[in-house]
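A short worksheet on the structure shown next.
The values are calculated or read from the model by the stated rules, or taken from the named source; none is laboratory data. Being a predicted model, the structure only gives us computed values, none of them experimental. Cβ sites come from the backbone with ideal geometry, for glycine too, and all protein chains shown count toward neighbours.
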Amino acid sequence: MIDVVSLKMAKKLKEAGYPQDSYWFHTGKILLERERVVSCIENGSDESKFYAAPSVGELLAQLPKIVKDCRLEIHKYGLEEYVVKYSLIFYSCDDPQLVMFEGLLADACGEMWIWLKKEGLL
């Protein structure tokens, strides 16, 4: 199984300005490799119907390790559920967490990328 974002997250990432140069793309029906998407577009397909579907690796490469004295952390719970968050490196306050998203790993990383982009932290 390829660990990429869902179609819903791919659409949210595109709307938020995520680069559309991933290795994988959602079409609404199937997942395609970049080469097949390029071929489809060259043969007249509508480019706006393709959504980059970044993998966990592609997303993690864009998430900073440290943001506002907080470090990136990923925790697994359950079979396929994850928490992606930024937690204070050294803390002595009630809420040591900057932000947290949970769910499937690729989608949680996608939500984090969108939040960082909106906050101007990328």
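Taking the conditions exactly as written (out of contact with any Cys (no Cβ under 8 Å at 6 or more places or on another chain) and touching a residue at least 40 places away in the same chain (Cβ under 8 Å)), does Leu116 satisfy them or not?
Taking the combined requirement at face value, the residue satisfies it.
Of all residues in the stretch 26-46, those that are touching a strand residue (DSSP E or B) at 6+ places or on another chain (Cβ under 7 Å) and either of a type in the set (Gly, Ala, Ser) or at pLDDT 90 or above (or both) total 1. Tell me the residue from Gly110, Gly57 that is closer than 14 Å to Val4 by Cα and either buried (at least 16 other Cβ atoms within 10 Å of the Cβ) or over 18 Å from the mean Cα position of the chain (by Cα) (or both), please. Gly110 is the lone residue from the list that is closer than 14 Å to Val4 by Cα and either buried (at least 16 other Cβ atoms within 10 Å of the Cβ) or over 18 Å from the mean Cα position of the chain (by Cα) (or both).
Listed by first and then second residue, the pairs with beta-carbon distance under 7 Å, at least 6 apart or on different chains, first residue in the stretch 66-83 and at pLDDT 85 or above, second surrounded by 11 or more Cβ atoms within 10 Å (Cβ to Cβ) and of a type in the set (Asp, Glu), are Glu81/Glu102; Tyr82/Glu102; Val83/Glu102. Just so you know, in the stretch 37-54 the residues that are buried (at least 18 other Cβ atoms within 10 Å of the Cβ) and touching a helix residue (DSSP H, G or I) at 6+ places or on another chain (Cβ under 8 Å) include one that is nearest to Asp21 (Cα to Cα), and it is Ala52. When the residues of the stretch 31-54 are filtered to those that are charged (D, E, K, R) and part of a helix (DSSP H, G or I), which remaining residue is nearest to the chain's Cα centre (by Cα)? Here the answer is Arg34. Return the residues of the stretch 86-118 that are at pLDDT 90 or above and of a type in the set (D, E, K, R); say none if nothing qualifies. Hits for the stretch 86-118 are Asp107, Glu111, Lys117, Lys118.
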